[in-house]
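The values are calculated or read from the model by the stated rules, or taken from the named source; none is laboratory data. Computed from a prediction, not measured in an experiment: that's the story for all the values here. In this analysis, Cβ positions are derived from the backbone assuming ideal geometry, glycine residues included, and neighbour counts consider all displayed protein chains. SASA here: full protein model, heavy atoms, side chains in, ligands and nucleic acids out. Shrake-Rupley method; radii C 1.70, N 1.55, O 1.52, S 1.80 Å.
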2 protein chains.
Amino acid sequence: MSELPIADWQTLAASKRKAVYDKIPVQWRLPESLTSKFNETSTISVLDVPSTCGLLTPRELELTSNYDATQLVELMSSGKVKSIEVVTSFCKRAAIAHQCVNCLTEIFFEEAMARARECDEYFAKHGRVIGALHGLPISLKDSFNIKGIHTTIGYVSFLSKPPARTNSNLVNLLYDHGAVFYVKTNLPQAMMTADSHNNVFGRTLNPHNLSMTPGGSTGGEAALLALRGSPLGLATDVAGSCRIPALCCGLTSFKPSAGRVPFGGGVAPGRLGAPSPILPVAGVMGRVVRDVEIVMRTICSADTWAYDEGVLGVGWRGVQPCRRPLRFGLVRGVKERPLHPPIARALHSCATKLTAHGHEIVLLDNKIPDIWASNILAWKFFMLDPRKTALKYIQDGGEPVVPSLGTTMVEELRGWEPSLDELWDMNAERARVVRAWHGVMVGEALDAVVMPGNCTTSVKHDGYGTTPYTVVQNLLNYPSGILPYGKAEEELDRPFFRADAVYEPSYEAKAIEGLPAHVQIMGKSMKDEELMEILKVVEKTLAE
Amino acid sequence: MSELPIADWQTLAASKRKAVYDKIPVQWRLPESLTSKFNETSTISVLDVPSTCGLLTPRELELTSNYDATQLVELMSSGKVKSIEVVTSFCKRAAIAHQCVNCLTEIFFEEAMARARECDEYFAKHGRVIGALHGLPISLKDSFNIKGIHTTIGYVSFLSKPPARTNSNLVNLLYDHGAVFYVKTNLPQAMMTADSHNNVFGRTLNPHNLSMTPGGSTGGEAALLALRGSPLGLATDVAGSCRIPALCCGLTSFKPSAGRVPFGGGVAPGRLGAPSPILPVAGVMGRVVRDVEIVMRTICSADTWAYDEGVLGVGWRGVQPCRRPLRFGLVRGVKERPLHPPIARALHSCATKLTAHGHEIVLLDNKIPDIWASNILAWKFFMLDPRKTALKYIQDGGEPVVPSLGTTMVEELRGWEPSLDELWDMNAERARVVRAWHGVMVGEALDAVVMPGNCTTSVKHDGYGTTPYTVVQNLLNYPSGILPYGKAEEELDRPFFRADAVYEPSYEAKAIEGLPAHVQIMGKSMKDEELMEILKVVEKTLAE
């Protein structure tokens, strides 16, 4: 990358951003009078911009607002709606979303429309669908490769790379089942912060409140989905990247067990060959559980091993909907990161409702391994590269480190350097943690665990910090889902305020008022199908 | 272990060996006139000793000689034969086998008979079996734990350890399905050579020819099985330990994909927490494929995750028997270890028969990654412990290193020291190897690969050397099976002699005359069920 003039990164980045913006047809652009209000210090919500800006026709608003992904596929599969109509509507709405919250990294509307017509022609000719996702637009994180499209993952030094020559394996699989790709979405520098902010594409804003983070690392996806600029999104997750954005933006997400979903063929933010037991996985983000399920079922029911040498090739098992009362473990917090009132209330309310519906709740507070210690252990695994390759990628581009990158790692590890000898002990320690959790899950006969996905709702940009509540599932390789539930409401939250708690980040009730709250439901390793059914039960219970 | 007088290891070992021998009832002992002939320099076969020594009744000979494990279970499950009869017969025959080839490390006949009576009483009371392995005696490698029994794995320094306080997870599972354990079997020092030789229990001999190795590391099992002192054995395999002994002793064995069979709860020969992508697995050894299958199906059909936190919990899929012609890749050798004539002949004959039966053979010679390089890479992963814990365990006992321990590792790695930095590159290299093999398996639409399990039949003690033909499956995490096929016959083998080949170990036709030959059939990762069906096809084809 030495051919890049070091001082030039701002120009290169500006040029890239302009190139992305230029892919938005002129007639889909918002007036500057509107967009000038959208910035990272503004506290406004932009959720109603798509319906009020006047760019979307009533039909486009209907298609993007009134149906979930499952319904859209049904409409297209029965010939009632054409893919080109659905895809065009979402392209348009995604363009609007981008102008509100800066969520896209690559736009390829023309290719998507050509693909949509291909789907429609196939249907017209054969009288049947290409696959279970026939004609459905799906957005995806920038780190996935799509042939012919750039994959910079926000590194200035990657701007000089040629477009991807091949698709990610997951992209190939979903194409074969009828999916239509049209945009890639923003992510943090090095993909290791909960703020989707990098020097190439800038910062993605939370559509609920622009001064708040949309989460990361799959934050562009979440912001886009919250604005209904996409019906479904593909994420990755090694410490919460599929779940943190979901909980920040009020979405549903599912992080599967490792080896279920093809992960290969994308671009990594660091060195290949990590000797870590924590495997990154691809996950799904959407609005409702059944949408997430349709993608998971489609993927896992395919011959995944034919697409990807790294998967287990385990098919999606047909499990029965839950008919018996379930037993949930309940994790009420980590003392180093006490739950902010809105999250404590959501969790309490969820547990109460589940109990009211006949399910059992088992308090796990003193039964499970220390989650904070697991967070530190997980971060050691993320810091194993003696060459610090991700940092080198940053330096290669002459760009600065983004502010949030230093805040994700735990303080305890400042100055820590990895060694092969300690790595053995880390693995042995992880094995003990896995065994202890397994003992609780089996010993207590738990079906799943109800816990927070974070101690707060979304917070101000660069304020998210470390991620103990989402990384433990990666350390354990347990599947986990986020369900949106309620919102921060100072009045209702007040009884859950603890005067003795040291809230970190600080609890600012007024700032987060109205932001989505959530619960996290963690399943058991490789029992993704069972967790999906449990998520449906909890989703339904919370809605009552 | 500092309380052990260093000079005392010989006494300690002799005492342990005597304690094992003393567990053999006096009336089951062979006369000294016979046993004095059994030593590691004798070239005699002892395969007929059980039937000629006069210790076994006709009924005991019938039960141990005429039925495979599947039939034995059927006989017990239909009430025609009692477990106590079967177990007593195998205890007696195992005792004879031990006196011939020194294959046992722990004997617990009394506990086994009590368990057999328990099975019989259960059947009498409930009119049904405990499980799919009801009343069946199963032998297992010393490294598995059985509550109340010692697990020294042949380290002098482990002699002072208390008996196991818990069962290995696999032992628990098999107990729950009706298995009866009665002996544990010998293995090499550090479990990393193909000679089952250690300073506590001494050396196990090959019953086909006592001067030959039974293989390792699960060599005690193989010697016992070849003498029909057990119907089925449990092995482990990280570089071929379930397959090398099988091919040395003329048995069938199956190394599953990692995560299918519970592995936890045993005793490891080295440090815990290896940061290696090569996972040790538990495998099965027997005489015919259907016996191996009954164990694999029983294990995988159980809720394995309830027993072991390290498994994937993937059930045994019901796959149809193969009805279409299969496509086999064929690996004809590694230039550094050319195939000795009997193995080249077995492989050639196997390929010819498969072709004659309508199956396709695809030569892989120039299509696959270099197997020798993969062997070196795998050995680097085995040498990752900077503390050299296995060597420390040896030194703690004041015992010498056994001769074969230095011969397994490849010469290229002498003096090599691991580093965290190189470990990243090793992982990246492994990923390339896995991807390349995957490309061949998918691209050539292969169902399985026919290849040798070693370049030779069994060889003289301490002559086996390194294991390129069996470690590649561990590196890839592909399941693999050994099928016995024919035997070394100088006359028939002669056309397969290559004057230009540098045979390593040296080819000594007269020395190996009559020893079992074999083929290895490698399947695809996690497609253990498909491989099992393919093994049945090959087994049947070879028998015709």
- residue B:41 within 26 Å of residue B:210 (Cβ to Cβ), touching a residue at least 24 places away in the same chain (Cβ under 8 Å), out of contact with any strand residue (DSSP E or B) (no Cβ under 6 Å at 6 or more places or on another chain) and not assigned by TED's automatic domain parsing to the domain that holds residue B:220: yes
- Filtering the stretch B:381-417 for residues that are closer than 28 Å to residue B:505 by Cα and within 12 Å of chain A (Cβ to nearest Cβ) leaves a count of 5
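Residues are listed down the side, and each one gets a yes or a no for (1) closer than 20 Å to residue A:352 by Cα; (2) within 14 Å of another protein chain (Cβ to nearest Cβ); (3) of a type in the set (Ser, Thr, Tyr):
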site: A:471; (1), (2), (3): no, no, no
site: A:491; (1), (2), (3): yes, no, no
site: A:496; (1), (2), (3): yes, no, no
site: A:525; (1), (2), (3): no, yes, yes
site: A:530; (1), (2), (3): no, yes, no
- How many residues are open to solvent by 10 Å² or more (accessible area, probe 1.4 Å), assigned to a loop (DSSP other than H, G, I, E, B), modelled with pLDDT of 95 or more and farther than 17 Å from residue A:432 by Cβ if we restrict to the stretch A:348-397? 8
- Among the candidates B:373, B:346, single out the residue that is out of contact with any strand residue (DSSP E or B) (no Cβ under 6 Å at 6 or more places or on another chain) and under 21 Å from residue B:464 (Cα atoms). B:373
- With respect to residue A:481, is the statement that it is away from chain B (no Cβ under 12 Å), at pLDDT 95 or above and on the phi > 0 side of the Ramachandran plot true? no
- Item | Any strands (runs of 3 or more DSSP E) falling wholly within the stretch B:224-288 and containing at least 3 residues that are of a type in the set (A, V, I, L, M) | B:281-286
- Query: Just a yes or no: is a residue in the stretch A:105-123 part of a loop (DSSP other than H, G, I, E, B) and under 28 Å from the mean Cα position of the chain (by Cα)?
  - Reply: yes
- Report whether or not residue B:271 is more than 20 Å from the chain's Cα centre (by Cα), away from chain A (no Cβ under 14 Å) and within 30 Å of residue B:466 (Cα to Cα). no
- Check whether at least one residue in the stretch A:279-297 is within 14 Å of chain B (Cβ to nearest Cβ), open to solvent by 20 Å² or more (accessible area, probe 1.4 Å) and at pLDDT 95 or above, and report yes or no. yes
- Message: Can you name every one of the helices (runs of 4 or more DSSP H) wholly within the stretch B:1-95 that holds 1 or more residues which are under 27 Å from the mean Cα position of the chain (by Cα), crowded, with 18+ Cβ neighbours inside 10 Å and at pLDDT 95 or above?
- Response: B:9-21, B:49-52, B:58-65, B:69-77
- Filter the stretch B:418-438 for residues that are small (Gly, Ala, Ser), free of Cβ contacts under 8 Å to residues at least 40 places away in the same chain and either more than 18 Å from residue B:525 (Cβ to Cβ) or more than 8 Å from every other protein chain (Cβ to nearest Cβ) (or both) and give the result. B:419, B:428
- Considering only residues that are free of Cβ contacts under 8 Å to residues at least 60 places away in the same chain and over 30 Å from residue A:170 (Cβ atoms), look in the stretch A:313-331 and name the one that is nearest to the other protein chains (Cβ to nearest Cβ). A:324
- Note on the structure: Within the stretch B:124-158, residues of a type in the set (D, E, K, R), more than 20 Å from residue B:283 (Cα to Cα) and not in a loop (DSSP other than H, G, I, E, B) come out as B:125
- Item | Tally, over the stretch A:298-311, of residues that are open to solvent by 30 Å² or more (accessible area, probe 1.4 Å) and either more than 17 Å from residue A:177 (Cα to Cα) or within 12 Å of chain B (Cβ to nearest Cβ) (or both) | 5
